[in-house]
Amino acid sequence: MSLPRTIRAGTRPTGLIPRALGPRYGQMMGKRHKSGPYGYTQAKALVYSKYGNPADVLSLHTHSITPSLPPSTLLLRTLATPINPADINQIQGVYPARPPFTSLLGTPAPSAVGGNEGCFEILSSPAPSTNLSKGDWVIMRSTGFGTWRTHATASPDDVIKISNKEGLTPIQVGTVSVNPCTAYRMLRDFETLDPGAGDWFIQNGANSGVGRAAIQFGRLWGVKSLNVIRDGRTRLRRRR
Ligand SMILES: NC(=O)c1ccc[n+]([C@@H]2O[C@H](COP(=O)([O-])OP(=O)(O)OC[C@H]3O[C@@H](n4cnc5c(N)ncnc54)[C@H](OP(=O)(O)O)[C@@H]3O)[C@@H](O)[C@H]2O)c1
């Protein structure tokens, strides 16, 4: 196996994945920042080299990122990254948009990193012309970057800067680009809701990420919402 010059790597099978995908995964990711010998950043990523059940095909891959990155390359640390339904579908191979498998991280077989959104902190010192600085928080400009990782390298064009992060948490920032945007489009693209006319919208799955964002938009715009959720007790009975 030939490795890219700047990367040293190893992959572990997924005994750790259920724990790694637990509810505190995003927060755990944010706490990890190890600097290895000679300034190499020790990084981990949840990768897959074939489609299937995430518990079967994901593995935790460790690799090092060189300290001698060019100023045009950002070194990012992950502060928070969620698990969305589409992330799972992508790994299953049933989602229309699928990131390509590559050898960039030095995995034994070409792989993709799971996850599509997250909040990242810039650890490097970008060129002043980029309008980005060390310590800034950024989100990914597009889906498919692969966000389930402790660190990443990216081009300034890959990211959008959070211009004022005061009062925001990494979890809020790391979950803004998928579900709230979907709720916005859902409410704006198909009907014109008029608060003056007392318009309402009704939705099911209202406790989902998308649903809760829709409720908040409704409140912001003065449009009333009727929100249907399934009965938790029924669901628990079915599981027993
Ligand atoms: N651009 C896009 O096309 C786009 C973007 C974002 C999301 N989405 C889609 O929007 C949906 C919501 O995404 P999300 O991230 O907001 O989801 P989420 O936060 O994970 O919530 C999932 C919702 O589905 C409900 N649910 C799950 N299984 C169910 C079942 N068997 N019967 C009835 N309800 C069930 C859950 O109810 P309980 O809490 O009772 O389990 C919960 O309300 C997903 O289908 C997602 O793929 C599409």
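Filter segment 48-69 down to the residues that are aliphatic (A, V, I, L, M) and outside any loop (DSSP other than H, G, I, E, B), then identify the one that is farthest from residue 94 (Cα to Cα). I'd like the intermediate steps shown before the answer.
Step one: list which residues in segment 48-69 are aliphatic (A, V, I, L, M), which gives 55, 57-58, 60, 65, 69.
When the remaining residues are screened for being outside any loop (DSSP other than H, G, I, E, B), the result is 55, 57-58, 60, 65.
Numbers: 55: 16, 57: 14, 58: 16, 60: 22, 65: 32 Å.
Looking at the filtered set, the residue picked out is 65.
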Residue count for segment 108-131, restricted to those that are under 17 Å from residue 92 (Cα atoms) and not hydroxyl-bearing (Ser, Thr, Tyr) | 6
Pairing a residue in segment 97-120 that is within 16 Å of residue 43 (Cα to Cα) with any residue that is among the basic types (Lys, Arg) and modelled with pLDDT of 95 or more, where Cβ atoms lie under 7 Å and the two sit 6 or more apart in sequence or on different chains, gives 113/149; 120/77
For segment 142-185, name all the residues that are within 16 Å of the ligand (Cβ to nearest atom), in a loop (DSSP other than H, G, I, E, B) and surrounded by fewer than 14 Cβ atoms within 10 Å (Cβ to Cβ).
-> 142
What number of residues in segment 186-207 are crowded, with 16+ Cβ neighbours inside 10 Å and either within 8 Å of the ligand (Cβ to nearest atom) or in a helix (DSSP H, G or I) (or both)?
-> 3
Could you say whether any residue in segment 82-103 is crowded, with 22+ Cβ neighbours inside 10 Å, assigned by TED's automatic domain parsing to the domain that holds residue 147 and part of a loop (DSSP other than H, G, I, E, B)?
-> no
Select from segment 208-236 the residues that are part of a loop (DSSP other than H, G, I, E, B) and of a type in the set (A, V, I, L, M) and write down the one among them that is farthest from the ligand (Cβ to nearest atom).
-> 223
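The values are calculated or read from the model by the stated rules, or taken from the named source; none is laboratory data. Predicted, not measured: the structure shown is a model, and the values here were computed from it. In this analysis, Cβ positions are derived from the backbone assuming ideal geometry, glycine residues included, and neighbour counts consider all displayed protein chains.
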